[in-house]
There are 2 protein chains.
Amino acid sequence: MVMNEKEIASRWMYKENWNFAQVPPAGDFVAYGKALLSCANGDGTISQAERDWVIGYGAAYGAPSSVLEMLHSYAGGEDVVAVLDAAPAVKMSKRNIILDAIRTCAADGELHPGEMKAIRKMAHVVGVDDWATEQLLHLYLEEQALKAKRIALIFPDGKPY
Amino acid sequence: MVMNEKEIASRWMYKENWNFAQVPPAGDFVAYGKALLSCANGDGTISQAERDWVIGYGAAYGAPSSVLEMLHSYAGGEDVVAVLDAAPAVKMSKRNIILDAIRTCAADGELHPGEMKAIRKMAHVVGVDDWATEQLLHLYLEEQALKAKRIALIFPDGKPY
C-alpha cells in the first residue's frame, strides 16, 4: 500500500493547494527542481537548511525518488532558460519558482536583502519582472502572517509538539 | 528509501505548516482521525468526497498506514470526549479539529449552513466555544481567499495541469 499512499498524498497536495486535477509528470518534477535550486542559488550559495527545505518540499508533493536523489546533489550550472523551454508546463509556473525561491532562502531563518537581490536577478533570467517579484514577496509575507495567526488561534496555551 | 521519503515529507509538512519540531506519535494520529471524522459527521452523514479529503490529508501528513486504513471505514459512534481525554496533545489541538472539520465539510464543494450548525454543536462537545468557532471559520475563509489570490498571481494565463 506504500506507493499508493504516496500517490494519494501527492494528489491531495496538488488539489488542496492548487486545485490541480492531476499530478505533474516526472519530467516536470526534474525541470522544476533544477530551476528552483538554480534560482535559490542565485547568490552562489545554498545552505544545507535551504537544500533540506527543497528536498522536504519535493517529498511532500510526491516527487519521484530519482528526483529527490537529484535534489540532494544538484549544483546548478545548467542553462535555466533551456531547462524551462524544454518543459512548457514548468515554464508556465515560473512565477511559482520565484515564490518557492523566496521560501527556500527564508528556510534558514531569515530572508536577507542580498538574497532578495539575487532572486530578482534570477527572476529576470526566467522572465519574471520586478512588479511580479514584488507581488510574490508580498504574498509570501501575507502567507507567513496568516500562518502565525492560525498557530496563535489554534494553540493559545502553547504547541503540543 | 520509500519509508524514509514518507518520514521526510511528514517532518517537512509539520515544520512548514506548524513549526513543530517533531512528528506526532502514531497514537495521536489515531485519536485525531477519530475526532475529526466524528466532528465532520456531526450532521449524521459523511460523503465519499469528505472521507477522501480526510484520507488524503492524513496521507499528506504521513499518518501510519494502519491509521489510513481505519479512516477508510471509521463510522464514529465512540465517545469523542473520552478519545480526547486519552490523548492530551490531541486535546490541546481541539480547535484545529474544528478547523479541519470545516475544511472536510467544504471538500465536496460548498460549506452549507446545516453543516456549520452541526460543526458548532460538535465544537461544544469537544470544548470549543462559539467565539472560537467563528474565528476558525473566518480564518478558513481568509486562507481560501489567499489561495485564490496566489493561484491568480502565479497563473495569469491559466493553470498548466
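Of note:
- About its Cα centre, the protein assembly as shown has a charge dipole of approximately 160 debye under the convention of +1 per Lys or Arg Cβ and -1 per Asp or Glu Cβ, with nothing else charged.
- Starting from the label point of A:HIS138 at 7 Å along Cα→Cβ, the same points in the other copies fall at 2.3 nm, in ascending order.
- Lys, Arg +1 and Asp, Glu -1 on Cβ, resulting dipole of the range A:58-104 about Cα centre, debye, nearest 20: 260 debye
- Both radii are taken from the alpha-carbon atoms of the protein assembly as shown; with Rh as the Kirkwood radius, Rg/Rh is 0.98.
- Ordering of B:45-55, A:57-67, B:70-80 by packing [mean C-beta count within 10 Å, highest first]: A:57-67, B:45-55, B:70-80
- Structural descriptor for the range B:2-154: relative contact order 27 percent, calculated from alpha carbon pairs under 8 angstrom and at least 6 residues apart.
- Remark: for residue pairs A:LYS15/B:LYS34; A:LYS6/B:LYS149; B:LYS94/B:LYS117; B:LYS34/B:LYS91; A:LYS6/B:LYS94; A:LYS94/A:LYS117, the C-alpha separation exceeds 19 Å in A:LYS15/B:LYS34; A:LYS6/B:LYS149; A:LYS6/B:LYS94.
- Unit Cα scatterers, Debye sum, the range B:1-130: log10 I(q)/I(0) for q = 0.11, 0.12, 0.20 Å⁻¹: -0.36, -0.43, -1.19
- Taking other residues whose beta carbon is less than 15 angstrom from the beta carbon of B:ASP79, and scoring Lys, Arg as +1 and Asp, Glu as -1, yields +1.
- Between A:ILE97, A:LEU146, B:TRP18, the Cα set farthest toward the positive side of the dipole of the protein assembly as shown (charges on each charged residue's Cβ, about the Cα centre) is that of A:LEU146.
- Environment charge at B:TRP53 (Cβ cut-off 14 Å; Lys +1, Arg +1, Asp -1, Glu -1): -3
- Think of each Lys and Arg Cβ as +1 and each Asp and Glu Cβ as -1; about the Cα centre, that makes the dipole of the range A:2-154 roughly 320 debye.
- Summed residue charge, Cβ within 12 Å of B:ASP43's Cβ, Lys/Arg positive, Asp/Glu negative: +1
- For residues of B:124-137, the mean tally of beta carbons on other chains within 10 Å: 1
Each value in this text was obtained by applying a stated rule to the coordinates, not by laboratory testing. Here the structure is a predicted model, which means the values were calculated and not measured. No Cβ is skipped: glycine too gets one built from the backbone with ideal geometry, and neighbour counts run over all protein chains shown.
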